[in-house]
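These notes are about the structure you will find just below.
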Amino acid sequence: MDVSGYPTNLGTTFLAAVTDALPAAFDAMPVHRLRQNGAVIIGKTNMHELGAGTTGLNVHYGTPRNPHDTSRYTGGSSSGSAAAVAAGFVPIAIGADGGGSIRIPASLCGVVGLKPTFSRVPGHLHLPENTTTKHHKFELVWTVGHLGPIGASVDDVALAYWAIAGTDKISQPAVHFHGYNRFEDLSDLRVGYFEKFNEHSEPAIAKTVQQMIQRFSTRGAVVKPITIPHLDAIQKAHLVSIISEMATSLDVFWEHHSDEIGPEVRINLSMGRKLTARDLIAAQKVRSYAVKVMAELFGEVDVIVMPGTGVTAPVISPDSHDVGVSDVELATKIMRFSFLANLCGLPSIVVPVNYDESNMPISIQITASHWNEHILFRMGKAAEANRLQPLRQPKRSFSLLKAQQGN
């Protein structure tokens, strides 16, 4: 995302130079809107190269560390954003989410992350009225990518969402926060729970989701068992869609710069380059089916509750710093519960509610139908009020308030 005065490299060593973003001349719209509302932009953070991975690892600039345990990954791809919030450096950061890249690092770092409805937060550049030259924003993915906030609490994320959401490009419902503080009584909400899908996570995570479902029930929510059919096919459709779009975006740079891309990401992009038009069309057929299934489900429930990730933050392997890690099994576990919202454009929020035996955060994920972020905030507030364990300060953290008091 472009921030005026900073290079836009997307975790690479070359992209800013070849896209005339060294540095970026203008702010992306979310950055512009934050500035308009008084936010002080202090910089940009590291990320998984080209967003093409789930750990947050970057062989070029170093791998961000999880503030709860610096031997573990933050999750990716918005790794630096989540780590900065978890460590207390900033109250809010902006991330991008094509397959969980806001929600995964937020989950693994124990902070709140929101992927809004598709197109709810615009990513185009803010160009002053007197701009005479043409400026184009580089886009990595078009149909699964979302921008959204990461924050220390639901309140912080809601505030950032209020500042950056809404667009003048297309017609969409107005941003609102109806029912925001009605989180103690959930009797008017129907909560969907897919038990067999929940069991695809680690036992501690699956148990956490079960216990949170029970707590929502005690607050009056009507819990309804649901089934989402053909999830494996839907996951493959998302994978085909996102790596096809990434490979297409980077095709113009491939001949001269592919050897500058880390091995793990190069493998992922090479797979995308092997896909055919038939593959992409087949994926879109599955996508249409998934959108239809989810629309029908949201006629029966208001939200669906599931794990944020299938595992807690993994340990960083010692040999990963030079060549990266290509671990399909681990990547699948990390993003097992995030792809559906991306492929269908649904809003989804993750909220930390528990810890595992290694004191690593466990989050639940709450998904709603299009434009219903206000319900997510209400449920997120209920999750915060009914946590299984209180929030813990990360081992590596910094208090802005204490620093100010010290001055």
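The values are calculated or read from the model by the stated rules, or taken from the named source; none is laboratory data. These numbers were taken from a predicted model, which means no experiment stands behind them. Virtual Cβ from ideal backbone geometry, glycine too; neighbours counted across all protein chains shown. Only protein heavy atoms, including side chains, enter the accessible area calculation; ligands, DNA and RNA are left aside. Shrake-Rupley method; radii C 1.70, N 1.55, O 1.52, S 1.80 Å.
When the test is whether a residue is under 30 Å from SER326 (Cα atoms) and among the aromatic types (Phe, Trp, Tyr), PHE216 does not pass it.
Restricting attention to the range 352-371, the residues that are within 12 Å of VAL303 (Cβ to Cβ) and touching a strand residue (DSSP E or B) at 6+ places or on another chain (Cβ under 8 Å) total 5. Close Cβ contacts (under 7 Å, 6 or more residues apart or on different chains) running from residues in the range 21-35 that are closer than 18 Å to GLY11 by Cβ and outside any helix (DSSP H, G or I) to residues that are open to solvent by less than 30 Å² (accessible area, probe 1.4 Å) and among the hydroxyl-bearing types (Ser, Thr, Tyr) comprise ALA21/THR8; ALA24/THR8. Every listed requirement among (1) open to solvent by 40 Å² or more (accessible area, probe 1.4 Å); (2) closer than 24 Å to HIS178 by Cα is met by PHE377 save one, (1). Tell me, which residue of the range 227-264 that is in contact (Cβ under 8 Å) with a residue 24 or more places away in the chain and surrounded by fewer than 16 Cβ atoms within 10 Å (Cβ to Cβ) is farthest from the chain's Cα centre (by Cα)? The extreme case among them is GLU260. Within the range 55-65, the set of residues being in contact with a helix residue (DSSP H, G or I) (Cβ under 8 Å, 6 or more places away or on another chain) and under 22 Å from ARG396 (Cα atoms) comprises THR55, GLY56, LEU57, ASN58, GLY62, THR63, PRO64, ARG65.
Only one entry in LYS196, LYS224 is closer than 28 Å to GLN389 by Cα, in contact with a strand residue (DSSP E or B) (Cβ under 7 Å, 6 or more places away or on another chain) and not acidic (Asp, Glu), namely LYS224. Within the range 138-179, the set of residues being of a type outside the set (Gly, Ala, Ser), assigned to a loop (DSSP other than H, G, I, E, B) and open to solvent by 40 Å² or more (accessible area, probe 1.4 Å) comprises PHE138, GLU139, TRP142, THR143, ASP168, LYS169, ILE170, PRO173, VAL175, HIS176, PHE177, HIS178. I'd like to know if the range 77-88 contains one or more residues that are of a type outside the set (Val, Ile, Thr), over 19 Å from SER338 (Cα atoms) and surrounded by fewer than 24 Cβ atoms within 10 Å (Cβ to Cβ). Within the range 77-88, one or more residues are of a type outside the set (Val, Ile, Thr), over 19 Å from SER338 (Cα atoms) and surrounded by fewer than 24 Cβ atoms within 10 Å (Cβ to Cβ). Among the residues making up the range 265-281, those that are more than 22 Å from the chain's Cα centre (by Cα) and closer than 12 Å to LEU239 by Cβ are MET271, LEU275, ASP279, LEU280. If we keep just the residues of the range 2-19 that are touching a residue at least 24 places away in the same chain (Cβ under 8 Å) and at positive phi, which is least open to solvent (accessible area, probe 1.4 Å)? Per the criteria, the residue is GLY11.
With the condition kept exactly as written, say whether any residue in the range 279-294 is in contact with a strand residue (DSSP E or B) (Cβ under 8 Å, 6 or more places away or on another chain) and among the charged types (D, E, K, R). Looking through the range 279-294, none of the residues is in contact with a strand residue (DSSP E or B) (Cβ under 8 Å, 6 or more places away or on another chain) and among the charged types (D, E, K, R).
Criterion applied to ILE213, ILE164 was being modelled with pLDDT of 95 or more and in contact with a strand residue (DSSP E or B) (Cβ under 6 Å, 6 or more places away or on another chain), and the one residue passing it is ILE213. Residues in the range 68-77 that are in contact with a strand residue (DSSP E or B) (Cβ under 6 Å, 6 or more places away or on another chain) and within 16 Å of VAL351 (Cα to Cα): THR74 only. For first residues located in the range 75-93 and in contact (Cβ under 8 Å) with a residue 12 or more places away in the chain, partners that are surrounded by fewer than 24 Cβ atoms within 10 Å (Cβ to Cβ) and part of a helix (DSSP H, G or I) and lie 6+ apart or on another chain with Cβ distances below 6 Å form the pairs PRO91/ASP156; ILE92/ASP156.
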